[in-house]
Amino acid sequence: MRYALRKQDKIASVYSEAYLKEHIISSLDSYFGKCDDERIIDDISQEGYVSRTGEDYPLLRINDLLDDNAMLEFAVIGQQYDVLKLSFLGRMKG
């Protein structure tokens, strides 16, 4: 399974280009590289994220490779073939 991360320019402008590459992209690459499709699907929580427009999306939380005390949270906004479309929601302690 692969991923497509939306609005990377916006993420870089809010957090920084370095944070985007070193924390988010490297963590996603590692997670998707190590986990098989079944594990990824199992990790997607049905606990939803509700957008401002009222749409409900499942969540994917993965470990931040560079911060053992944080997880990165993404809304899974769709899937086309073997590509999950992700929207970065933020970091969480844990």
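Counting only other residues whose beta carbon sits under 15 Å from that of residue 26, what net charge do I get with K and R as +1, D and E as -1? Provide the component values of the computation, followed by the final result.
On the way: positive: 21, 34, 91; negative: 17, 22, 29, 64, 67, 68.
Local net charge: -3.
Please give me the summed charge of the neighbours of residue 93: other residues whose Cβ is under 15 Å from its Cβ, Lys and Arg +1, Asp and Glu -1. Neighbourhood net charge equals -2. Here the chain carries DSSP beta bridges of which approximately 85% are antiparallel, counting only pairs with both residues inside.
Classify the chain from the C-alpha gyration tensor, please: rounded if a/c falls under 1.5, else prolate or oblate depending on whether a/b exceeds b/c.
The shape class here is rounded.
Annotation: per residue accessible area for the chain equals 63 Å², rounded to a whole number [probe 1.4 Å, protein chains only].
Among the trypsin sites (Lys or Arg not before Pro) within segment 21-94, which fall in a DSSP loop and have no more than 12 other Cβ atoms within 10 Å of their own Cβ? Spell out each step's value before the answer.
On the way: sites: 21, 34, 39, 52, 61, 85, 91, 93; in loops: 52.
Passing sites in segment 21-94 are 52.
With all protein chains present, how much of the accessible area of segment 3-93 (probe radius 1.4 Å) comes from carbon and sulfur, to the nearest whole percent? The partial results should precede the final answer.
Numbers: 2590 of 5640 Å².
Here it works out to 46 percent.
The values are calculated or read from the model by the stated rules, or taken from the named source; none is laboratory data. Keep in mind that what you see is a predicted model, and the values were worked out from it rather than measured. Cβ sites come from the backbone with ideal geometry, for glycine too, and all protein chains shown count toward neighbours. Calculation scope for accessible area: heavy atoms of the full protein, side chains included, ligands and nucleic acids excluded. Shrake-Rupley method; radii C 1.70, N 1.55, O 1.52, S 1.80 Å.
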